[in-house]
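Undergrad: Could you have a look at this structure, given as structure tokens, before my questions?
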Amino acid sequence: MRRFQADGPDGPRDRSHRPHTSPKATPSEVVGKIVHLRQNYHFGPAKIVMYLQRYHDISISESGVWRILKRLDLNRLPASQR
């Protein structure tokens, strides 16, 4: 009833439960470095983790890198690059 009074006829409709922000999301510059390493050097998740830790002092898990690659549809290299 409160939503109907506040928003009118559209108030009671279902709303998204998706959070407005994700405070623990991987920073965009780290995602950019992961994408760069994958596209230019064809590194896998383990090698990307090692490279980021050694040269950029960025700590991220292999599964985190894999999820980022999967989300961006970069999880499989073409046959010519394997």
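Undergrad: Residues that are modelled with pLDDT under 95: which helices (runs of 4 or more DSSP H) entirely in the chain hold 3 or more of them?
TA: Output list reads 2-7, 28-41.
Undergrad: In the stretch 1-52, which residue that is polar (S, T, N, Q) and surrounded by 12 or more Cβ atoms within 10 Å (Cβ to Cβ) is nearest to Arg76 (Cα to Cα)?
TA: For the stretch 1-52, the residue satisfying everything is Gln39.
Undergrad: Within the stretch 70-82, restricting attention to residues that are among the charged types (D, E, K, R) and closer than 13 Å to Val35 by Cβ, which residue is surrounded by the fewest Cβ atoms within 10 Å (Cβ to Cβ)?
TA: Among those that are among the charged types (D, E, K, R) and closer than 13 Å to Val35 by Cβ, it is Asp73.
Undergrad: Working only within the stretch 53-69, note down all residues that are without any contact (Cβ under 8 Å) to a residue 40 or more places away in the chain and either under 16 Å from Asn40 (Cβ atoms) or surrounded by 13 or more Cβ atoms within 10 Å (Cβ to Cβ) (or both).
TA: Tyr55, His56, Ile58, Ile60, Glu62, Gly64, Val65, Trp66, Arg67, Leu69
The values are calculated or read from the model by the stated rules, or taken from the named source; none is laboratory data. Treat the numbers as computed from the prediction; the structure is a model and nothing was measured. Cβ coordinates were reconstructed from backbone atoms using ideal geometry, including for glycine residues, and neighbour counts include every protein chain displayed.
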